[in-house]
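Colleague: First the structure, then my questions, so here it is.
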């Protein structure tokens, strides 16, 4: 019904924002990740929305990027995951992090979301693996992320995966090998590759 709502950011709550557009204040539920990138109060914001209709309510969920909304919709298609569960997952991990977790069979990372157990995380991976691509996971959403340290760490991780794929490993094997490796702004690609190859020996 609503593709997006563009208006003035008037209010923020624990898990929602209020955007005034055309003299109407829209309450839009969103993720903890989204709050990091909101403009200042009183400034204009564009929110891509999803309208959830129940017998007793009509609830708006919204995100600052089309990609976040796309992944949110995919999560809603997973058996056992409703809007609250999807928001919980996207509050503890970015869409790129979720792609890496799904393609790397990292159920533990997904299960860190409140209310999402190990079985649900495994089901999510099974149902979404064919709907999320490694190419999309490599895309760096720099406009959404102002943290240069995090961008540098993500870039090193992506380079390591590409190097492993070039060595003949499948993308799934590369992602699994990187699971559990701590990557910071001081970690270079060579160190990541050494740790990943060591993990390969135990796979």
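Colleague: When you go through 64, 74, 69 one by one, which is the residue that is under 19 Å from residue 3 (Cβ atoms), out of contact with any strand residue (DSSP E or B) (no Cβ under 9 Å at 6 or more places or on another chain) and surrounded by 13 or more Cβ atoms within 10 Å (Cβ to Cβ)?
Modeller: None of the other options fit; the residue is 74.
Colleague: Okay, moving on. Within region 175-188, can you find the residues that are buried (at least 16 other Cβ atoms within 10 Å of the Cβ) and without any contact (Cβ under 8 Å) to a residue 40 or more places away in the chain?
Modeller: Within region 175-188, 177, 181, 183, 187 meet the criteria.
Colleague: Same structure, new question: Could you list, in sequence order, all residues of region 34-51 that are surrounded by 20 or more Cβ atoms within 10 Å (Cβ to Cβ) and modelled with pLDDT under 95?
Modeller: Result: 34, single match.
The values are calculated or read from the model by the stated rules, or taken from the named source; none is laboratory data. All figures in this text were calculated on a predicted structure; none of them were measured in a lab. Glycine also receives a Cβ, built like all others from the backbone with ideal geometry; neighbour counts cover every protein chain displayed.
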